[in-house]
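Enquirer: Here you go, one structure.
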2 protein chains.
Amino acid sequence: MPRYTAPLRDLHFVLHDLLGVSGQDIAGYGDLDPAFTEAILTEAGRLATDVLAPLNATGDREGCRFENGVVRTPAGFPEAYRKIREGGWIALDCDPAYGGQGLPYLMGTAVGEIFVAANMALNMYQGLTHGAYSTIHHHGTDAQKATYLPRIVSGDWACTMNLTEPQCGTDLGLIRTRAEAQADGSYRITGTKIFISGGEHDLTENIIHLVLARAAGGGEGTKGLSLFIVPKFLITEAGGLGPRNAVRASRIEGKMGIHGNATCQMDYDGATGFLLGDLHKGMRAMFTMMNEARIGVGVQGYAVAEAAMQNAAAYARDRLQGRANPSTNPAGPADPLIAHPDIRRSLMDQRAFTEGARALTLWGANLIDRATRQGDAQAEALVSLLTPVIKGFQTDKGFEVTVAAQQIFGGHGYIEENGMSQFVRDARIAMIYEGANGIQALDLVGRKLGADGGKAIMAFFDLVKSFCAEAGADPRMAPYADPLKAASKDLQTAAMHFLSTAPKDPQSVLSGATDFLHLMGHTCLGLMWARMARASLAALDAGTADPAFHNAKLATARHYMTRHLPATALHLARITASAEPLLDLPAEAF
Amino acid sequence: MPRYTAPLRDLHFVLHDLLGVSGQDIAGYGDLDPAFTEAILTEAGRLATDVLAPLNATGDREGCRFENGVVRTPAGFPEAYRKIREGGWIALDCDPAYGGQGLPYLMGTAVGEIFVAANMALNMYQGLTHGAYSTIHHHGTDAQKATYLPRIVSGDWACTMNLTEPQCGTDLGLIRTRAEAQADGSYRITGTKIFISGGEHDLTENIIHLVLARAAGGGEGTKGLSLFIVPKFLITEAGGLGPRNAVRASRIEGKMGIHGNATCQMDYDGATGFLLGDLHKGMRAMFTMMNEARIGVGVQGYAVAEAAMQNAAAYARDRLQGRANPSTNPAGPADPLIAHPDIRRSLMDQRAFTEGARALTLWGANLIDRATRQGDAQAEALVSLLTPVIKGFQTDKGFEVTVAAQQIFGGHGYIEENGMSQFVRDARIAMIYEGANGIQALDLVGRKLGADGGKAIMAFFDLVKSFCAEAGADPRMAPYADPLKAASKDLQTAAMHFLSTAPKDPQSVLSGATDFLHLMGHTCLGLMWARMARASLAALDAGTADPAFHNAKLATARHYMTRHLPATALHLARITASAEPLLDLPAEAF
């Protein structure tokens, strides 16, 4: 059975050595001194190790049961959810005006990694709830906020997001669910939504659905969509639970993974809904939720990989198989797997990704705090550019790393009871939901890259440039800064290619979208590794008490620079290759 | 529910346009004219589509049941196996002296692809049986051959291979199963074997286990191992079934995939066994079986990918989602997925791999026929070099392609009932069993590369060189031959690096083993695509009746050359990078 321990040492490093959070001029960051963040993350780690992780494998095996519209989550889930709620974890980064603790989003993200790694399926119930919280907080009326937020923040009520229908996933313009205005200002919602995570369950007394639907007068396509609040139980004047609303789960899906999370088909049969935000501006409101959810899925990308890696490393240290040269266990029957260079190479690949992605994601969360708490438009533009990378690149790579971790176990990795298969099956969904990764790539090249005249990507290049210029003063930084410079140059060439080719040959450009996503992902991780190398050199110069940690950081940074960052050249070659062969075949030829 | 249609057109192309099989000077190849191969493959395709493929999803869902040592395969499996047997498919490429049809191994491989693609779990029962057939055929006494082969060839008896034990998978030197010589010349076999595919089932009246065990006097490690025939039911003098032998399945594993195949733990409790081949030379005999099994697993790599791709392509043609530019369905609510360049890019990636791997594998099978039927030592050395590539590279890439095919389905790909998850879960095992892919890489760089002074790899380079020289006469070949030349140069540089670095720094070399495997895999597929381009140009020049097929080949070849073959540079960069950061960390740091 797999185990999980929160990577507190590395989280500390990212928060304090890399980001220097307590010194940042963001409201609330002043409190984030090492002792405080350590206390929070240690407590989260304890809950993760003791309560959430032990339910991960059992939740996978048992799955959710569905009977007559009622969903029973796996044994132990309701109790564990109660502990999450009572520990105040749902309220962590919520608005104190509604009972939240007001900590930065950054801390919510760090805690989120720990909970996801321990039990992704269970944590999804609160992850989506948080997205809905933000949407209501941002777009709701004062009355709506007063009605819903306190009970959401307390964890008494969970939330869902309802976009997908049988005929449309990506293409929300095809949504058919109707919203009919009623005399009392409410709406009657009718239609079928599918793939609704946590659409029904036994963890909370109420479930608040946010539903994208079509109200009269909005026109066709996405322009006609509005967002509605549809509670499972309607709320009384006094704020208590009223009558059952006409929304019901009509089935749950048998999925490849995340078995502990109920994925429901929801039937809205004239359910009572309340407009959230402006009429016919549902997409805008939904994007608040989606952008946050995308960062959350990016966290899943490396959090599950981290959990899988921890178990692979433990297995590689223990399992004796074959002789290495030199032997590290000459007195034993064989050497541990980790003594074999190919195994070690794989573990280093896994480590370079998970630590790099952690740094990138927490930097992204930091930028979100800067945008929301300081109103910094440049930070907002930058994190908006990074969001598809954090979601798309990190989940592609996270899956790859999880598969690599499973591979370390040989045949034992294929046996369900050893738990590595579950990590792979769970990790797979992150590449698909909240916008499949192909959509993330299109969002990046089709929307984010050229937004505002390309300002955000220019800012990113400036950031790399000034970092490299600064690093140039320290010759020890050359092994990190030089490859970063080369990668950034590849990214620039690719970006120029996109911006210049797009107007005349959109098909060709779009065929390189996924490669651009990965080129940019590699460059982002290259930047993070170069920054981490600088932070570790500084720590060593300052006589850190933990030189082994920082030397390992430097070695992992060199591993990333020499073995992973050169992938940018391959992606660039693909991007600039003619799309002619790719577009040549008629559809019938496939 | 997924469907499968045998790729008869492409198989015809590989056999006749690419390999020109009927003109080859190999015993039995003269019969392989297009009408004959077409008839066989059409018949195999019919069985695959009508009988095997419909049981694939149900076999996955139902799995094997285990009760008191008895295994029940999923509903329909026994009947389908009877049809495979009665169709003479097991006997296809077996020796006529024992009831076989004597067709080349090449044809067995082509048929194997079709059956694996339709139902991998079911086909494994006969796949391993074939490996045991070859081992007994090669190493057995005349009496053993007469006793076992006719009933194996007829399919009345199935076979297994028993290597792995709880304490050893890769490192067979740690095997503990004992073989004690008896006065009558037989042996008493005692020990536990795990992960035995088809160790027990209800498809055949008897199961013949080939068991690696340790007999007295052989010393430690792999040198002390011998191979034994251990029938489930002992055979009477008359050749019928005698008493039940002391071998029993004690559990079956719950696996990530291939649920229809029973993976058993086998307990040998003083079972009667018969030495196969020479005493203490068990490894040599086992390698006959393993090499064949490795080619078979390489087939699984692209066969499952082919099945997944067919379903992804069908979905991409049907599913309407989003608007492409230009639109291909302006009158409809949206364009089919296939109109979107990123989807098409993915389908082209899938196609370039499956068609390339099919060509490489059938070329490998062709070389095996040349080696075994003509005694061609050079062909044997070359296919021995290619075997780890066919197994390791093709299953890594095959899994990647299967995941890409699943991705085309978006959220629907994650739902078990749509069948794409099963392809992914099934494909995963091929990277692990018959020597995990890391072991394939070590076999390639540690054994095959330097074997006989590097003769085989030199022959491979000569082959590429003379191909490119010939192709130079036709300027239309430049887009195919030039990238191949560059890739081959990368491979040469890497090979030289390995051969020169290995003696002084083995750890560093071994850390690049997996990259070398992939570098070589890409180059091999590059060679196949350049050859296929030449064959299609020749067909077009000759006024083929099917220009669309050949133009699609050329486009796919260009896609491979521009988007995939450049990966060799990345692998070379990793191989020649210092392994210092990778070896730097103490094991405890992981």
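Enquirer: Of the residues that make up region A:466-477, is at least one touching a residue at least 24 places away in the same chain (Cβ under 8 Å), outside the structural domain of A:Thr263 (by TED's automatic domain parsing) and in contact with a strand residue (DSSP E or B) (Cβ under 8 Å, 6 or more places away or on another chain)?
Expert: No: zero hits.
Enquirer: Can we say B:Glu220 is surrounded by fewer than 21 Cβ atoms within 10 Å (Cβ to Cβ), in contact with an Asp or Glu (Cβ under 7 Å, 6 or more places away or on another chain) and among the acidic types (Asp, Glu)?
Expert: No: the conditions fail for B:Glu220.
Enquirer: Here's another thing I want to ask about it. Being touching a residue at least 40 places away in the same chain (Cβ under 8 Å) and at the interface with chain A (Cβ under 8 Å from one of its Cβ atoms) is true for just one of B:Ala535, B:Ala530, B:Ala573, B:Ala569. Which residue is that? Step through it out loud before you land on a result.
Expert: Values: B:Ala535 fails: at the interface with chain A (Cβ under 8 Å from one of its Cβ atoms); B:Ala530 fails: at the interface with chain A (Cβ under 8 Å from one of its Cβ atoms); B:Ala573 fails: touching a residue at least 40 places away in the same chain (Cβ under 8 Å).
Result: B:Ala569 is the single residue among B:Ala535, B:Ala530, B:Ala573, B:Ala569 that is touching a residue at least 40 places away in the same chain (Cβ under 8 Å) and at the interface with chain A (Cβ under 8 Å from one of its Cβ atoms).
Enquirer: Here is a list of conditions, (1) buried (at least 21 other Cβ atoms within 10 Å of the Cβ); (2) at the interface with chain A (Cβ under 8 Å from one of its Cβ atoms), and B:Ala307 meets all of them except one; can you say which number that is?
Expert: It fails just one condition, (2).
Enquirer: Of the residues that make up region B:373-381, is at least one within 14 Å of another protein chain (Cβ to nearest Cβ), modelled with pLDDT of 95 or more and under 30 Å from B:Gly453 (Cβ atoms)? Lay out the reasoning, then the answer.
Expert: Applying the first criterion (within 14 Å of another protein chain (Cβ to nearest Cβ)) to region B:373-381 yields none.
Checked region B:373-381: no residue is within 14 Å of another protein chain (Cβ to nearest Cβ), modelled with pLDDT of 95 or more and under 30 Å from B:Gly453 (Cβ atoms).
Enquirer: Filter region B:63-91 for residues that are free of Cβ contacts under 8 Å to residues at least 40 places away in the same chain and in a loop (DSSP other than H, G, I, E, B) and give the result.
Expert: B:Asn68, B:Ala75, B:Gly76, B:Gly88
Enquirer: Next question, about the same structure. Select from region A:285-298 the residues that are open to solvent by 10 Å² or more (accessible area, probe 1.4 Å) and either free of Cβ contacts under 8 Å to residues at least 24 places away in the same chain or among the hydrophobic types (A, V, I, L, M, F, W, C) (or both) and list them in ascending order.
Expert: A:Phe287, A:Met290, A:Ala293
Enquirer: In region B:400-414, which residue that is of a type outside the set (A, V, I, L, M) and within 12 Å of A:Gly438 (Cα to Cα) is farthest from the other protein chains (Cβ to nearest Cβ)? Outline the logic, then answer.
Expert: Start the filter on region B:400-414 by keeping residues that are of a type outside the set (A, V, I, L, M), which leaves B:400, B:402, B:406-407, B:409-414.
Keeping just the survivors that are within 12 Å of A:Gly438 (Cα to Cα) gives B:407, B:409-410.
Numbers: B:Gln407: 7, B:Phe409: 9, B:Gly410: 5 Å.
Ranking the candidates gives B:Phe409 first.
Enquirer: B:Thr58 - would you say it is part of a helix (DSSP H, G or I), modelled with pLDDT of 95 or more and under 23 Å from the mean Cα position of the chain (by Cα)?
Expert: Answer is no for this residue.
Enquirer: Next question. Step by step: first the residues of region B:455-489, then only those that are under 30 Å from B:Leu582 (Cβ atoms) and away from chain A (no Cβ under 12 Å), then the one that is most open to solvent (accessible area, probe 1.4 Å). Which residue is that?
Expert: B:Lys489
Enquirer: Grab the helices (runs of 4 or more DSSP H) fully contained in region B:518-590, keeping just those with 2 or more residues being under 27 Å from the mean Cα position of the chain (by Cα) and surrounded by 23 or more Cβ atoms within 10 Å (Cβ to Cβ).
Expert: Of the helices (runs of 4 or more DSSP H) lying wholly inside region B:518-590, those with at least 2 residues that are under 27 Å from the mean Cα position of the chain (by Cα) and surrounded by 23 or more Cβ atoms within 10 Å (Cβ to Cβ) span B:547-559, B:567-576.
Enquirer: Can you tell me how many residues in region A:39-72 are closer than 20 Å to A:Leu18 by Cβ and either surrounded by 17 or more Cβ atoms within 10 Å (Cβ to Cβ) or aromatic (Phe, Trp, Tyr) (or both)?
Expert: Total meeting the criteria: 4.
Enquirer: Is it the case that some residue within region B:270-293 is among the polar types (S, T, N, Q), modelled with pLDDT of 95 or more and under 25 Å from B:Met420 (Cα atoms)? Spell out the reasoning first.
Expert: Looking only at region B:270-293, we keep the residues that are among the polar types (S, T, N, Q), and these are B:272, B:288, B:291.
Subsequent filtering for residues that are modelled with pLDDT of 95 or more retains B:272.
Imposing the further condition that a residue be under 25 Å from B:Met420 (Cα atoms) reduces the set to none.
Within region B:270-293, none of the residues are among the polar types (S, T, N, Q), modelled with pLDDT of 95 or more and under 25 Å from B:Met420 (Cα atoms).
Enquirer: Every residue in region B:166-185 that is in contact with a Phe, Trp or Tyr (Cβ under 9 Å, 6 or more places away or on another chain) and open to solvent by less than 10 Å² (accessible area, probe 1.4 Å), please.
Expert: B:Thr177, B:Ala179
Enquirer: Report whether or not A:Lys255 is open to solvent by less than 40 Å² (accessible area, probe 1.4 Å), touching a residue at least 12 places away in the same chain (Cβ under 8 Å) and closer than 27 Å to A:Ile390 by Cα.
Expert: When the stated conditions are applied, A:Lys255 passes them.
Enquirer: For residues in region B:420-435 being within 17 Å of B:Tyr302 (Cα to Cα) and more than 8 Å from every other protein chain (Cβ to nearest Cβ), which is nearest to the chain's Cα centre (by Cα)?
Expert: The residue in question is B:Ala430.
Enquirer: Looking for whichever is over 20 Å from B:Glu417 (Cα atoms) and in contact with a helix residue (DSSP H, G or I) (Cβ under 9 Å, 6 or more places away or on another chain) here; the options are B:Glu86, B:Glu38. Which one fits?
Expert: On the way: B:Glu86 fails: in contact with a helix residue (DSSP H, G or I) (Cβ under 9 Å, 6 or more places away or on another chain).
Sole residue among the options that is over 20 Å from B:Glu417 (Cα atoms) and in contact with a helix residue (DSSP H, G or I) (Cβ under 9 Å, 6 or more places away or on another chain): B:Glu38.
Enquirer: If you don't mind, another one. In region B:505-514, is there at least one residue being modelled with pLDDT of 95 or more and part of a helix (DSSP H, G or I)?
Expert: Yes, some residue in region B:505-514 is modelled with pLDDT of 95 or more and part of a helix (DSSP H, G or I).
Enquirer: Any residue at all in region A:265-283 that is farther than 23 Å from B:Phe409 by Cα, within 12 Å of chain B (Cβ to nearest Cβ) and in contact with a Lys or Arg (Cβ under 9 Å, 6 or more places away or on another chain)?
Expert: no
Enquirer: Looking at region B:315-362 only, could you name the residues that are open to solvent by 10 Å² or more (accessible area, probe 1.4 Å), within 9 Å of chain A (Cβ to nearest Cβ) and among the small types (Gly, Ala, Ser)?
Expert: Listed by number, the residues that qualify are B:Gly322, B:Ala324, B:Ala339, B:Ser346.
Enquirer: Restricting attention to region B:496-522, which residues are in contact with a Ser or Thr (Cβ under 6 Å, 6 or more places away or on another chain) and away from chain A (no Cβ under 14 Å)?
Expert: B:His497
Enquirer: Any residue that is crowded, with 21+ Cβ neighbours inside 10 Å and in contact with a Ser or Thr (Cβ under 8 Å, 6 or more places away or on another chain) - is there at least one of those in region A:368-375? It would help to see each step written out before you state the result.
Expert: Applying the first criterion (crowded, with 21+ Cβ neighbours inside 10 Å) to region A:368-375 yields A:368-370.
From what's left, in contact with a Ser or Thr (Cβ under 8 Å, 6 or more places away or on another chain): none.
No, the conditions are met nowhere in region A:368-375.
The values are calculated or read from the model by the stated rules, or taken from the named source; none is laboratory data. As the structure is a computational prediction, the values presented were derived from the model and not from experiment. Don't worry about glycine lacking a Cβ; one is built from the backbone with ideal geometry, like all the others, and counts go over all protein chains shown. When the accessible area is computed, the model is the full protein with side chains, heavy atoms only, and any ligands, DNA or RNA have been set aside. Shrake-Rupley method; radii C 1.70, N 1.55, O 1.52, S 1.80 Å.
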